[in-house]
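Q: Have a look at the structure that comes next, please.
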């Protein structure tokens, strides 16, 4: 008998021709998060097994809990498909149990095993009744004794850690997350990762109007969601000149609309340059003026790139719940303004007209400003490195 981690794939098992690709991607992602541990990984179409050193178990489980594509994580005892070995392992597993009731759940994937699942449930149940103080309760037991009899061995366990599900990060290619520093966009990034979309991030920096603390806050948020990916980098766009031109040339009520249209233009060009497939953001329908359906139409009209809004139909409390769960909330509420809030008008338009947007944009040379901004993007690949530049003396 030895301990082994058994991984259940969950949603991946619904795939047919693509299942092998999904499992290979999942394996690479697990190898990445467990790179610091001495493990051996084997797999088949329905299960993955990780051999490990006992002293590393806690750290390994903590890392696996942040890998998308896992339905269940089990620390099991593995024995041969031998009735006496299975019985001995079951009793050994239960010897320190303080529970009062139990049931047995056998899955017989190895059809060469001589006893059918229901009959084996009864056999093991009788063994437990005879040798322990536990009582049977098939409806609401304190403890379930799981027995999986597979061609590669029998696996016995009583607890299962629920994985975070979804698809392995990377199977859908890569998208560009517009990461503002607020509550919503990190949650949107997390949800996109859950569907297998790997990420680059895009942040619009407007010094001296925005502080270095605001930029570092975004890097911190990228770092947190990178725990679920491992590949994230942040593209920091110098947005000051564009924002100041908008402020000088555009009516107050249209400032946010035009600014968002510029952001979408820049995001689209970065996607084309970096071969990214989609733009992702944290827009939620009706939450602010730029997120009404009419505003989305006016803003979205400047790009042909698909735009995914994972939190579009969530209310704020739902988004906050996820932010707290993934540990981005406390960072997101730090009081450092981003470029979307520093020039916020008192009465932003909620039903912008596209023709008016085009008219206002024609009053300044935004194309050269966008080109200049893209040519001067700062790409941060080491998310543990923050900038120490201080523009406070310019404010």
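Q: Find how much the distance from residue 315 to residue 301 grows on full extension, using 0.36 nm per residue of separation minus their present alpha carbon separation; answer in nm with one decimal. Walk me through the numbers on the way to the answer.
A: Details: separation 14, 0.36 × 14 = 5.04 nm, distance 2.51 nm.
Between residue 315 and residue 301, full extension yields 2.5 nm more.
Q: Given N residues in segment 174-394, what is Rg(Cα) / (2.2 N^0.38 Å)?
A: Rounded to two decimals, the normalised Rg is 0.95.
Q: PRE reach from residue 172 (point 7 Å along Cα→Cβ): which of segment 54-89 fall under 19 Å by backbone N?
A: 66-71, by backbone N distance to the label point.
Q: Also, I was wondering about something else. So what's the gap between the Cα centers of segment 246-309 and segment 344-371, to the nearest angstrom?
A: 11
Q: Continuing with the same structure: Quick one: P(r) of segment 280-323 from all Cα-Cα pairs, 5 Å bins, percents rounded to integers, in order of increasing distance.
A: 5, 23, 29, 24, 10, 7, 1
Q: With angles folded into 0 to 90 degrees, how steeply does helix 117-131 sit against the dominant principal axis of the chain? Use alpha carbons for both and round to 10.
A: So the helix axis and the longest Cα principal axis differ by about 70 degrees.
Q: Let me ask something additional. Show me the ranking of peptides 135-147, 59-71, 309-321 by mean Cβ neighbours inside 10 Å, starting with the highest.
A: 59-71, 309-321, 135-147
Q: Can you tell me the Rg and the Dmax, both Å, for the Cα atoms in segment 2-165?
A: 16.5, 48
Q: Among 284, 180, 133, which one shows the highest mean-square fluctuation when the chain is modelled as a Gaussian network with alpha-carbon springs under 10 Å?
A: 133
Q: Restricting things to Cα coordinates, could you compute the convex hull volume per residue of segment 189-285 in Å³?
A: 112
Q: Given a 10 angstrom Cα cut-off, can you work out which residue in 124, 73, 225 is the most mobile in a GNM of the chain?
A: Greatest mean-square fluctuation among the candidates belongs to 124.
Q: Need one word for segment 9-88: rounded, prolate or oblate. Basis is the Cα gyration tensor (sqrt eigenvalues a ≥ b ≥ c); a/c below 1.5 gives rounded, then a/b vs b/c decides.
A: Verdict is oblate for segment 9-88.
Q: Just 45, 269, 78 to compare: in a GNM of the chain, with alpha carbon springs under 10 Å, which one fluctuates most?
A: 45
Q: Mark the label point 7 Å from the Cα of residue 110 along Cα→Cβ and return the residues of segment 154-186 whose backbone N is within less than 19 Å of it.
A: 154-158
Q: Between residue 44 and residue 119, what length comes free when the chain is fully extended (0.36 nm per residue of separation minus the Cα-Cα distance, one decimal in nm)?
A: Length gained between residue 44 and residue 119: 24.3 nm.
Q: Using a basic spin-label model with each label point 7 Å from the Cα along Cα→Cβ, how many nm lie between residue 274 and residue 87?
A: Inter-label distance under the simple model: 6.1 nm.
Q: In segment 343-383, which residues have a backbone nitrogen under 20 Å from the label point lying 7 Å from residue 241's Cα in the Cα-to-Cβ direction?
A: Of the residues in segment 343-383, 361-379 have backbone N under 20 Å from the label point off residue 241.
Q: In degrees from 0 to 90, rounded to the nearest 10, what is the angle of the helix 316-325 Cα long axis to the longest principal axis of the chain?
A: 50
Q: For residue 378 and residue 35, FRET efficiency with R0 = 22 Å and r from the beta-carbon atoms, rounded to 0.05?
A: Plugging the Cβ-Cβ distance into 1/(1 + (r/R0)^6) gives 0.20.
Q: With the contact rule set at Cα under 8 Å and sequence spacing of 6 or more, what percent relative contact order holds for the chain?
A: 17
Q: Okay, next question. Which of rounded, prolate or oblate describes segment 76-163 when judged by the alpha-carbon gyration tensor and an a/c cut-off of 1.5?
A: Since a/c reaches 1.5 and a/b is larger than b/c, the shape of segment 76-163 is classed as prolate.
Q: Next up: Using alpha carbons only, how many degrees (0 to 90, rounded to 10) separate the axis of helix 212-226 from the longest principal axis of the chain?
A: 30
Q: A further question on this structure: What is the distance in Å between the Cα centroid of segment 66-106 and that of segment 2-52?
A: 20
Read-outs throughout are calculated quantities, based only on the coordinates presented, and are distinct from any laboratory measurement. Quick caveat: nothing in here was measured; it's all calculated off a predicted structure. Neighbour counts are summed over all protein chains in view; Cβ atoms, including those assigned to glycine, are modelled from backbone coordinates with ideal geometry.
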